[in-house]
Amino acid sequence: MTTENDSARSLEDVWHNILQRHGVSEAQAEDIVKLTFGTPALTRDIPDIDDVPDIVADSLAETDFEMHLNADADPDNVRRELELALEDALSGTLSGPASVSDATLAQSFDAGTAGPGKSGVSASKGVNVGQPDTGAAWKSAGVDRGDESDLNEEDIETLADALEAIREKHDLETVDLYAALERLEERENE
């Protein structure tokens, strides 16, 4: 869990942490982040903000980060975690990417029309600036999963409090909870 203001957290640091959590060495994580965000399409051009996820996805595909992951890490899930962090940054929840011009970052980002997955769900949907770890939407949903729940608001709040306690006790990021929820959903579908 982070105690600093969200917008002060850099996207590059979040990516570095995600990669390391999935077995990438510190030096290799740093190289992957630098190579991915160092693409000329981001550093020399002033792309439309909604094009940035595609540019980053193309650049990430060239780094072959999968070969550095733990054997039990799912590359697609890791890639999705990285994409969600990028969406948070483009939505203003995190700072960066540092290599993207201020002119691009000043544009309004619409996660529904951008990025490789074009899921329509931003990782920061419903997030209060400065509180990223407490309000992100379910990461793999194409719709608001809260609308699908049969739980009443009080039960949802109780469950959210329990998850928050687990996150704080184990010093987790929200993306860690997403990964666990995704694993739970996979088990249900087996």
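Near SER10, the amide H atoms lying under 5 Å from its own belong to SER95; only residues 5 or more places off or on other chains count, and H is placed 1.01 Å from N.
So what is the relative contact order for region 11-109, in percent, with contacts set as C-alpha pairs under 8 Å and at least six apart? Mind showing how you got there, number by number?
Values: 99 pairs, mean separation 40.4, N = 99.
Relative contact order, region 11-109: 41 percent.
In order along region 155-172, the Karplus-derived 3J(HN,Hα) couplings, from 6.51 cos²θ - 1.76 cosθ + 1.60 at θ = phi - 60°, round to 5, 5, 5, 4, 5, 4, 4, 5, 5, 5, 5, 5, 4, 5, 4, 9, 6, 9 Hz, and Gly and Pro are given as x. Region 13-47 and region 63-94 have Cα centres separated by 10 Å. Here the spin labels are modelled as points 7 Å beyond Cα on the Cα-Cβ line, and at ALA71 and ALA27 they lie 2.4 nm apart.
Computed from backbone phi with θ = phi - 60° and the Karplus coefficients 6.51, -1.76 and 1.60, the 3J(HN,Hα) list for region 97-111 is x, 5, 7, 8, 5, 4, 4, 6, 5, 6, 6, 7, 9, 10, 4 Hz; x is used for glycine and proline. Summary of packing: across the peptides 10-17, 167-174, the per-residue average of other C-beta atoms within 10 Å ranks them, highest first, as 10-17, 167-174. Converting phi to 3J(HN,Hα) with the Karplus coefficients 6.51, -1.76 and 1.60 and the offset θ = phi - 60°, region 173-186 yields 8, 4, 4, 5, 5, 4, 4, 5, 5, 5, 5, 4, 5, 4 Hz in sequence order, with x at every glycine or proline.
Any read-out appearing in this document is the output of simple, stated calculations on the displayed coordinates, not a laboratory observation. Keep in mind it's a predicted model, so treat the numbers as computed, not measured. So basically every Cβ, Gly included, is an ideal-geometry build from the backbone, and we count neighbours across all protein chains shown.
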